[in-house]
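S.K.: Take a look at the following structure, please.
Readers should treat all values here as calculations from the given coordinates under stated rules, not as data from a laboratory. No experiment lies behind these values; they were computed from the predicted model shown. Counting neighbours? That spans all protein chains shown, and the Cβs are built from the backbone with ideal geometry, glycine included.
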Amino acid sequence: MKKEKPSNTNDFGVNNHIVICNWSDKTDLLIKQLHDPSIEERFPIIIVTEHPEEIPDFDEDDSYRGIMIVKGNSTHEETLLRAGVDTAKTVIVLADRSLGESADTKTIMTAIAIDHIVPDVHVVAEVLLSSNVPYFSYTFVNEIICLELLTERLLAQSCLTPGVSFIFKDLLTQSSDTNEIYVESIPDKYIGKTYQELRSVICNTEDIDMILIGLSTFTERVSSTGEPILNYSGEVVMEKALVINPKIPDNKKDEKFSREYILQKEDKIFVISYSRPNLNEIL
């Protein structure tokens, strides 16, 4: 049974905020990206850490306006409730590097604790070791960021396609001078139409300053044998199926997500743009 979200049960009486579990040397840059002046809506941030004394004093840094701190262990439900994970927009679980190779274990325990409180909050987790990534399939973590895997793949792609690293750098830098990737709901008038129909409108409409790159929808997460994966509560784990540049249909292949895919209300599209587009106005 889906739990109802209580309102303002945290220490600060906020909701629709971002919770960051664990402080590291990466958190400073993360906060500055989340609170970059180019972002129209700045969400409050609550940091959960066992060592608040490690957080520098940033009283004169505008990026840190609205930052709140909860002292405690992120694997404890009481601590997570004080940070308001039950009313949060997103929870980011950073690897606690002070634990060495045990950092990923704490991340998994934190994810399970979050799941027990509120299974439907968006959770992004940092994983240190690629060998530990499969264990996260039994949690409700929506996005897993493993730097070990990303580094290896980016190095290989930079070798095969010189200059590609600059493209990734541009897309991953939040700034008014760079392009970003935005995830947008599909306007109602295109629900029930094909991806190709929406693609044609965007490509053929003048003065649209964006590029359509793909779509996402929710599907059941399955094992290597094709069986649905259940979490520790016995519920089927759902995951986002992301398709970049869907292919032209091929009758010889059973492709679920081709350009003839029928767009659903819960689907999202990914676009590249200098600023967040208002699709209902421009399409």
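S.K.: Please report how far the C-alpha centroid of region 163-211 lies from that of region 72-142, rounded to the nearest whole angstrom.
M.R.: About 30 Å separates the Cα centre of region 163-211 from the one of region 72-142.
S.K.: Next up: Given the Cα-Cα distance of Glu260 and Arg42 and 0.36 nm per residue of separation, how much length would full extension add, in nm?
M.R.: 74.8 nm
S.K.: Add -39500 (n - 2.57) for each DSSP H run of 4 or more in the chain, then divide by its residues: what number comes out at 222 nm, to the nearest 500 deg cm²/dmol? Present the calculation step by step, with values, prior to reporting the outcome.
M.R.: Numbers: 7 runs with 65 residues, N = 283.
Result for the chain: -6500 deg cm²/dmol, rounded to the nearest 500.
S.K.: Between Thr194, Thr217, Thr225, which gets the highest mean-square fluctuation from a Gaussian network model of the chain, Cα cutoff 10 Å?
M.R.: Thr225
S.K.: Also, quick follow-up: Place the peptides 124-130, 155-161 in order of packing, highest mean first, counting for every residue the other Cβ atoms within 10 Å and averaging per peptide.
M.R.: On the way: 124-130: 19.0, 155-161: 11.0.
Peptide ranking by packing, descending: 124-130, 155-161.
S.K.: Sorting check: for 85-95, 202-212, 139-149, 16-26, which peptide has the highest mean count of neighbouring beta carbons within 10 Å, and how do the rest follow?
M.R.: Ranked by mean Cβ neighbours within 10 Å, highest first: 85-95, 16-26, 139-149, 202-212.
S.K.: Still on this model: Hey, with R₀ at 22 Å, roughly what FRET efficiency would Lys189 and Asn278 work out to, going by the Cβ-Cβ distance, to 0.05?
M.R.: Here the calculated transfer efficiency is 0.95.
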